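The values are calculated or read from the model by the stated rules, or taken from the named source; none is laboratory data. Nothing here was measured: the structure is a model prediction, and the numbers come from that model. Please note that ligands, DNA and RNA were not included when accessible areas were found on the heavy atoms of the full protein model with its side chains. Shrake-Rupley method; radii C 1.70, N 1.55, O 1.52, S 1.80 Å.
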Amino acid sequence: MTRVALLSSEPIRPAMGGIGIRYLELARRLPELGFDTVLISPAAPEESARCGLDPARVRRFEPGAVAALVADCAVAVAQGQLANDLLAAARPDLPVAIDLYDPWLVENLHYLDSLGLDPYRNDHATWVVQLARGDVFL
């Protein structure tokens, strides 16, 4: 069975936003298709277990530990800034699906008046890295 790492940039817990819901549902549905999933989230595994997930299938995201978190996985799916962490730290042979679900490059333009162009420049650079190094795009 292929093990898939799902890196959620939002915590998986009973109250969460759209990205968290998306990754929770991926973790629930992919096993029905024959995939062994590992959900990596900034939340504690106990919080994620309250969403009906097996705590053994949940790993807590720790900065600098991405390579170890995905070491036993055959493929990874990631979104947002965590995708950059994955691309920088994981094995070069690990296939990575970049999830472009949340168009944060456009969404964060509302910071223009208060923060100037720096957030946009950072987001744009992030997308350039992800589009250049991702293997598949959702």
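With all protein chains in place and a 1.4 Å probe, the accessible surface of the range 43-103 carries 58 percent carbon and sulfur.
Against the chain, whose longest principal axis comes from its Cα atoms, helix 18-29 is set at around 30 degrees. The H on the amide N of LEU100, modeled in the peptide plane, is under 5 Å from the matching H of LEU138, each at least 5 residues off or on a different chain.
Which shape class, rounded, prolate or oblate, goes with the range 49-94 when its Cα gyration tensor gives a ≥ b ≥ c as root eigenvalues, a/c under 1.5 marks rounded, and past that a/b bigger than b/c marks prolate? It is prolate, given that a/c is not under 1.5 and a/b is the larger ratio. Remark: relative contact order (the range 20-138) = 19 percent; criterion is Cα-Cα distance under 8 angstrom and separation of 6 or more residues.
Considering the chain as a Gaussian network with a 10 Å cut-off on Cα pairs, which listed residue, LEU86, LEU33, LEU94, attains the greatest mean-square fluctuation? Evaluated over the chain, the most mobile residue of the options is LEU33. Across all C-alpha atoms in the range 43-138, the radius of gyration and Dmax reach 15.3, 44 Å.
Helix-only estimate, please: 222 nm mean residue ellipticity of the chain, summing -39500 (n - 2.57) across DSSP H runs of length 4 or more and dividing by its residues, to the nearest 500. One gets -10500 deg cm²/dmol as the mean residue ellipticity at 222 nm. Taking amide H atoms as placed 1.01 Å from N in the peptide plane, the amide H of VAL58 lies under 5 Å from those of LEU39, each 5 or more residues away in sequence or on another chain. Amide H to amide H, with H built 1.01 Å from N, ALA43 comes under 5 Å of ILE12, PHE61, counting only residues 5 or more places away or on other chains.
At a probe radius of 1.4 angstrom, the accessible area of the range 73-138 per residue rounds to 56 square angstrom. For the options GLU47, GLU107, GLU62, a Gaussian network treatment of the chain with springs between C-alpha atoms closer than 10 Å singles out GLU107 as fluctuating the most. Report the residue, chosen from LEU39, LEU112, LEU87, that carries the largest GNM mean-square fluctuation when the chain is represented by alpha-carbon nodes joined by springs under 10 Å. Most flexible of the set in this elastic network: LEU112.
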